[in-house]
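One structure is given here, and the rest of the page talks about it.
The values are calculated or read from the model by the stated rules, or taken from the named source; none is laboratory data. For clarity, every value in this text was computed on a predicted model and none was experimentally measured. For neighbour counting, all protein chains shown are included, and Cβ atoms are generated from backbone atoms with ideal geometry for every residue, glycine included.
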């Protein structure tokens with residue numbers, strides 16, 4: 001099973017402001033720019049999306065649920081039930097990322113898209129991420145929630161490709177190597 005990251009960061013490596021705001025991302029690019037930067041093509045390959053509680057709450061604040069028709073699992077130890085506005089749209093999971101991965105493999109999920117800083121960091125620490133698509137947005141926000149956190153060991157990545165867009169965005173795709181493959 002592929003476990004994929006597809007996320008945007010500021011030039012200084014943040015995915016959101018300290019309060020979780022992504023206004024800098026919404027305001028990025030060119031006015032009227034309808035480019036989706038490959039997101040629709042990527043999503044067409046995804047069987048399931050896993051996100052953390054903070055990312056889930058941010059998605060709930062959008063005018064429309066952005067994952068309509070998709071299987072979405074919210075990883076949370078603090079949520080005991082799905083909010084009324086999300087009933088039928090998400091499932092809750094309180095286990096470890098390893099348990100989730102084993103469960104989804106047994107259900108024949110081929111590609112899992114993981115979203116949210118803490119979730120991505122947990123999957124990286126567990127050595128479960130297979131590939132990453134990182135889109136760098138040409139803005140420095142100075143402080144915020146970092147994409148990457150502390151790791152127990154080095155994570156080696158093989159660069160696959162980088163694409164530059166008129167907006168100034170750059171998107172790089174990486175395959176991650178298992179630790180034993182990196183030695």
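Condition check ((1) touching a helix residue (DSSP H, G or I) at 6+ places or on another chain (Cβ under 6 Å); (2) closer than 25 Å to residue 21 by Cα; (3) at pLDDT below 95) across all residues:
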| site | (1), (2), (3) |
| --- | --- |
| 83 | no, yes, yes |
| 89 | no, yes, yes |
| 99 | no, no, no |
| 104 | no, no, no |
| 108 | no, no, no |
| 117 | no, yes, yes |
| 130 | no, no, no |
| 135 | no, yes, no |
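Return the only residue of 10, 78, 4 being surrounded by fewer than 12 Cβ atoms within 10 Å (Cβ to Cβ) and either in contact with a helix residue (DSSP H, G or I) (Cβ under 8 Å, 6 or more places away or on another chain) or modelled with pLDDT under 90 (or both). Quick ask: steps written out before the conclusion?
Values: 10 fails: surrounded by fewer than 12 Cβ atoms within 10 Å (Cβ to Cβ); 4 fails: surrounded by fewer than 12 Cβ atoms within 10 Å (Cβ to Cβ).
Testing whether each residue is surrounded by fewer than 12 Cβ atoms within 10 Å (Cβ to Cβ) and either in contact with a helix residue (DSSP H, G or I) (Cβ under 8 Å, 6 or more places away or on another chain) or modelled with pLDDT under 90 (or both) leaves just 78.
Out of the residues in region 81-94 that are buried (at least 17 other Cβ atoms within 10 Å of the Cβ) and part of a loop (DSSP other than H, G, I, E, B), state the one that is farthest from the chain's Cα centre (by Cα).
Across region 81-94, the extreme among qualifying residues is 89.
Just wondering, is there one or more residues in region 159-172 that are at positive phi and either assigned to a helix (DSSP H, G or I) or at pLDDT below 95 (or both)?
There is at least one residue in region 159-172 that is at positive phi and either assigned to a helix (DSSP H, G or I) or at pLDDT below 95 (or both).
Take residue 176 and decide whether it is touching a strand residue (DSSP E or B) at 6+ places or on another chain (Cβ under 9 Å), touching a residue at least 40 places away in the same chain (Cβ under 8 Å) and not in a strand (DSSP E or B). It would help to see each step written out before you state the result.
On the way: touching a strand residue (DSSP E or B) at 6+ places or on another chain (Cβ under 9 Å): yes; touching a residue at least 40 places away in the same chain (Cβ under 8 Å): yes; not in a strand (DSSP E or B): no.
Spelling it out, it is not the case that residue 176 is touching a strand residue (DSSP E or B) at 6+ places or on another chain (Cβ under 9 Å), touching a residue at least 40 places away in the same chain (Cβ under 8 Å) and not in a strand (DSSP E or B).
Filtering region 124-154 down to residues that are in contact with a strand residue (DSSP E or B) (Cβ under 6 Å, 6 or more places away or on another chain) and closer than 16 Å to residue 3 by Cβ, which residue is surrounded by the most Cβ atoms within 10 Å (Cβ to Cβ)?
My answer is 129.
(1) at pLDDT 90 or above; (2) part of a loop (DSSP other than H, G, I, E, B): which one isn't true of residue 73, the others all being true?
Among (1) at pLDDT 90 or above; (2) part of a loop (DSSP other than H, G, I, E, B), residue 73 violates only (2).
Quick one: is residue 113 on the phi < 0 side of the Ramachandran plot and part of a loop (DSSP other than H, G, I, E, B)?
On the way: on the phi < 0 side of the Ramachandran plot: yes; part of a loop (DSSP other than H, G, I, E, B): no.
The answer is no for residue 113.
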